[in-house]
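The structure under discussion appears below in the form of structure tokens.
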Amino acid sequence: MTTQYPTEDSSWWKQSGPTEEELRLSGGLQVEDWPHARQVMRLSAQLFEATLPLHHLDRSALRLLERAAFLHNAGMLIEKRRHHKHSLRLIKETPLPDFPDEERHEIACIARYHRRALPSEDHKEFAVLSPIARKRVSHLAALLRVADALDYGHDSRVLHLAADPAQCNASIWTISLWVHPPVHLDQELENAQEKADLFEREFECKLHFAVLVEY
């Protein structure tokens, strides 16, 4: 089931520690920034919905994405520079409720590709996946990279996002981002464009953003 996080409850949203349910979902794994984990999971789910016409994945794939987004920075508590690789290992080694080993391996791979290198069959953890699973992991990691970039400052500046159907076609996919004034997204947008590399490779279209003000 998709976890809903009400952004109106900002006191809960920004609490530094996990809830009991979050610890259950993480298998006991800790992350260095729980508000960031919540925001990236929320934005990942919204990106999944906004790009359905591109990836055509089902709700079971969304569950994989959400858990990977929630745990993508688990490795930060070991080492910052290679934390994506530590996240891969930690997730693979940690039993997660509601997911068998095979799905947990996909979750680990999605989290691993939230930064740095793109999925490649030169990577043994990716190469062992079936062709269908490799495609699914690549599609979902593409969304996670963008969602993570959109919370560059770890301060939940993006209120919500959605596709702009009038500005989406075979060559360009436009995502609208809502913010409260006077918030700006200069760093977030710069980082998101850099991390759109996998998105544009997988979906063969350019990713554009439009920032809208919500009063």
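The values are calculated or read from the model by the stated rules, or taken from the named source; none is laboratory data. Note that the structure is a prediction, hence the values are computed from the model and not measured. No Cβ is skipped: glycine too gets one built from the backbone with ideal geometry, and neighbour counts run over all protein chains shown.
Observations on the structure shown:
- Annotation: R81 fulfils all but one of (1) at pLDDT 95 or above; (2) not in a helix (DSSP H, G or I); (3) not aromatic (F, W, Y); the unmet one is (1).
- Close pairs (9 angstrom Cβ cut-off, 6 or more residues apart or separate chains): more than 22 Å from T94 (Cβ to Cβ) in region 1-29, part of a loop (DSSP other than H, G, I, E, B) and at pLDDT below 55 anywhere: W12/Y5; W12/P6; W13/Y5; W13/P6; W13/T7
- Selection within region 118-155: residues that are in contact with a Leu (Cβ under 9 Å, 6 or more places away or on another chain) and among the hydroxyl-bearing types (S, T, Y). The member of this set that is surrounded by the fewest Cβ atoms within 10 Å (Cβ to Cβ) is Y152.
- Some residue of region 7-25 being touching a Phe, Trp or Tyr at 6+ places or on another chain (Cβ under 9 Å), closer than 30 Å to Q193 by Cβ and in a helix (DSSP H, G or I): yes
- Restricting A74, A69, A45 to residues that are within 17 Å of I175 (Cα to Cα) and touching a Ser or Thr at 6+ places or on another chain (Cβ under 7 Å) narrows the list to A45.
- The residue list R157, R63, R115, R67 contains one member that is touching a strand residue (DSSP E or B) at 6+ places or on another chain (Cβ under 9 Å), in contact (Cβ under 8 Å) with a residue 24 or more places away in the chain and of a type outside the set (V, I, T), which is R157.
- Scanning region 158-176 for residues being over 13 Å from L207 (Cα atoms) and either aromatic (F, W, Y) or buried (at least 19 other Cβ atoms within 10 Å of the Cβ) (or both) gives a total of 2.
- Taking the numbered list (1) closer than 29 Å to K14 by Cα; (2) touching a helix residue (DSSP H, G or I) at 6+ places or on another chain (Cβ under 8 Å) in turn, E125 passes all entries but (1).
- Within region 158-209, the set of residues being out of contact with any helix residue (DSSP H, G or I) (no Cβ under 7 Å at 6 or more places or on another chain) and of a type in the set (G, A, S) comprises A166, A170, S171, S176.
Conditions (1) among the hydroxyl-bearing types (S, T, Y); (2) over 18 Å from the mean Cα position of the chain (by Cα); (3) buried (at least 24 other Cβ atoms within 10 Å of the Cβ), marked per residue:
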| site | (1), (2), (3) |
| --- | --- |
| P95 | no, yes, no |
| E102 | no, yes, no |
| H105 | no, no, no |
| I110 | no, no, yes |
| H114 | no, no, yes |
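- Residues of region 70-101 that are in contact (Cβ under 8 Å) with a residue 12 or more places away in the chain and charged (D, E, K, R): K85, R89, K92, D98.
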